[in-house]
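What follows is a short report on a single structure.
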Amino acid sequence: MSPVDQRTPPTRRRVVLRRSWPQRIVMVLCLAVIASAVAAAWVIGDIQDAVSGFGRVEISGEILITDTEPGDPVNFLLIGNDSALGIDPDDPIHIGRTYDARGTFNADSITLLRVDPTSGQAWMLPIPRDLITDHIPGAGTYRINAALLIGGPETLVETVSAHFGVEINHYVEIDFLGFRELVDVLNGVPVWFDRPARDLNSGLNIVEGGCHVLDGATALAYARSRSYQEFVDGRWVTVGNSDFGRIERQQDFLVLALSRAVNRGARNPTALAGLIEAGAGSVVLDSELTPAELIDLGMAFSDFNPENLTRLELRVHTVHDEGGLYVGEELVPDINEQLFDVFRGASGLSQPSEVVFDLYAADEVLLNEDGDLLAGLGFNVATRLLYVSEQGASVVLYPPGQRSRAEAVARYLIPVPALVEDAASVGIRVVLGTDHEQISFLFPHDLQETRTEAAAHTNVTVPDLSAAVLSSAAAEPDATPTAPAATAPAATAPAATAAASADDGISSDRVIGRPPEGQSCP
C-alpha cells in the first residue's frame, strides 16, 4: 500500500473503536528460524556455518542497540515486507495487486518480539501497518509501514523505536517468496479445516475438510486471507473476517509453524543446522546478530513450548477524513502503555496500587480477612467471591500483558501460587486454594523466588469460576465494588474467532486451524 501523506491533519469525522489492523503474518517463519536457531547451544560450529548464509543489513549502533549482555532480555523487530519479487507474475499471489518487477515494497507486517532468557518467557506484539505516525525521519505524517520504503530498515527501526519509546536490539526481515520457501523447508505446516474453505482473493482453495499440511503457496494464501469462506449446508459462508477473528487465526498459525519447526528437529543439533542452512537465503538479519548470541539464547529456550508464546494485541481506532475515506489507525490513548512497558523492561515489578483483582476463597472469614490485608498493602481488591474447590495450590489468573501485576500480588501469598495466563480473562483473578496459609504482610517474597516457586507448579488448569458468588460482606450496599480500572487488552479469545452466526452451522467457540476434541492434526 502506498504511503499516505497527511501533512494537513485529517478531520476525524468518524472514529470507530476496533482492535488492531489484521497482521498478515508473512514474517511468521522468521520466528520459526529464530526458534530453531536458539534451540541448540552445543553446536557452535554448525550454527556458525549455517547462520553465515543469512542476508545481512547494516543498521547504525545508535539506532539498533545490540550491546546487550548474555541473559538480558532482547527485543527483535520482525518485518514481513510485501514484495512478491521472484514469484511468477501469473501466480495467484498477485490477485488484486500490481506486479512490481522492481521489487519495491512496504512493511506488510511489523511485529515486536521480546525474549527474556532469565524467566524463559517470550512476548509477541503485532503493530498495525496502517498506524499513523509522524516519527519517520525526514518525512511528514505517514502510515508506519511506509518507513521501510522511504528509508529502508534503519529508518523503520528508528521510527518504531521513537514512536513507542522501545529499544530495538535486533532486526529480522522476510518477503512473500521467503515465507513460501521457509514453509516448504519445514515440509509444510499442518492446519485443520472443519469443511471446504476458500478465499477468491488470496487463492486459497481447500476442497475438503480435515487435516491439511499446507505447502508454502497454500500457507501464504491462508495467512493473507481477508475474505475467508467455508462451505456450509450447500453454500459459501464468510467466516471470521473481523480483525478479531483474522488476528486469532493468523497468530495461531504462528504457533503451529513454530511447533512444526520443533517437530522437524529444531532441538536436534544436526537437523537444526540443516533447517537453518536451508532457510538462510530467505531471511535478512542485522549484521550484529551473531551465532554466539543465538547460542546464549538457546541455553534458556531449548525447552520452550511455542504454545506458551504470549500474544499481545494493541487497541487502535480508525480515522477517516472529512470525506469519509479511510486514513489509517491511531492508538487508543493510555490503554496500551502497559503493553509497551513489557518491551521497555519497565514491567519487572508492578506496585500494589497498580494492581486490580478479584479475590476468590472457599471460606468467607478467610476471604474477608486476607482481602482486608491485601487492601491494606495497597492492592485494589475489586470483588470478593466465595468459591468452593478441592484444588490445593492457589492460582493467580491473568490476561496477556498482565504478568508483572500478577507477580506483584503473588509475592505476598504463602505459599507462592501458580501463575496462569488466561486469554479469556478481562482482569486478574486471585483464587486461594486449600493450601493457602497466610498473607506475607511485612516480608514479601523476592521477585526471582516468586518466579521460581510459581514455575514449580505443574499441570495447573484454569479453574471454572462460574459458580462463584459474592461474599455477604461484599454484597452490602456500602461495599459494592466499583468496576476494575481499564487493563491491558487480553489476547483474542477463541469464542470470538468466527464471525458467522450459529444459524450458519458454525460453532462460535472453536479456533480455526485446530482440530476438534477427539481429532488430531499432526
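The values are calculated or read from the model by the stated rules, or taken from the named source; none is laboratory data. If you're wondering where the values come from, they're calculated on a predicted model, not measured in any experiment. Heads up, the Cβs are rebuilt from the backbone with ideal geometry, glycines too, and the neighbour counts pull from every protein chain shown.
When residue 366 is tested against (1) more than 30 Å from residue 467 (Cβ to Cβ); (2) at pLDDT 85 or above, exactly one condition is not met: (1).
Quick check on my filter: what residues within the stretch 310-363 are closer than 25 Å to residue 117 by Cβ and in a strand (DSSP E or B)? Once the filter is applied, which keeps residues that are closer than 25 Å to residue 117 by Cβ and in a strand (DSSP E or B), the stretch 310-363 yields 310, 311. Looking only at residues that are over 19 Å from residue 388 (Cβ atoms) and among the hydroxyl-bearing types (Ser, Thr, Tyr) in the stretch 412-439, which one is surrounded by the most Cβ atoms within 10 Å (Cβ to Cβ)? Restricting to residues being over 19 Å from residue 388 (Cβ atoms) and among the hydroxyl-bearing types (Ser, Thr, Tyr), the top hit is 412.
Let's see how each residue does on (1) in contact with a strand residue (DSSP E or B) (Cβ under 9 Å, 6 or more places away or on another chain); (2) at pLDDT below 75; (3) among the aliphatic types (A, V, I, L, M):
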{"site": "114", "(1), (2), (3)": "yes, no, no"}
{"site": "118", "(1), (2), (3)": "no, yes, no"}
{"site": "133", "(1), (2), (3)": "yes, no, no"}
{"site": "137", "(1), (2), (3)": "no, no, no"}
{"site": "159", "(1), (2), (3)": "yes, no, no"}
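Checking 371, 401 one by one, the residue that is outside the structural domain of residue 74 (by TED's automatic domain parsing) and assigned to a loop (DSSP other than H, G, I, E, B) is 401 and no other. Across the stretch 312-368, the qualifying residues are those that are in contact with a His (Cβ under 8 Å, 6 or more places away or on another chain) and farther than 28 Å from residue 169 by Cβ, and the one among them that is surrounded by the most Cβ atoms within 10 Å (Cβ to Cβ) is 361. Scanning the stretch 331-363 for residues that are among the charged types (D, E, K, R) and at pLDDT 90 or above returns a single hit, 358.
For residues in the stretch 445-491 being in a helix (DSSP H, G or I) and among the aliphatic types (A, V, I, L, M), which is modelled with the highest pLDDT? Taking the candidates together, the pick is 454. Within the stretch 337-393, which residues are basic (Lys, Arg) and more than 30 Å from residue 111 (Cα to Cα)? The answer is 384, and nothing else. Taken as a whole, the structure places residue 419 among residues that are in a strand (DSSP E or B) and under 18 Å from residue 342 (Cβ atoms). Quick check: is even one residue across the stretch 382-394 assigned to a helix (DSSP H, G or I) and hydrophobic (A, V, I, L, M, F, W, C)? Scanning the stretch 382-394, I find no residue that is assigned to a helix (DSSP H, G or I) and hydrophobic (A, V, I, L, M, F, W, C), so the answer is no.
Looking across the stretch 288-309, the residues that are modelled with pLDDT under 75, in a loop (DSSP other than H, G, I, E, B) and either surrounded by fewer than 20 Cβ atoms within 10 Å (Cβ to Cβ) or polar (S, T, N, Q) (or both) come down to 302, 303, 305.
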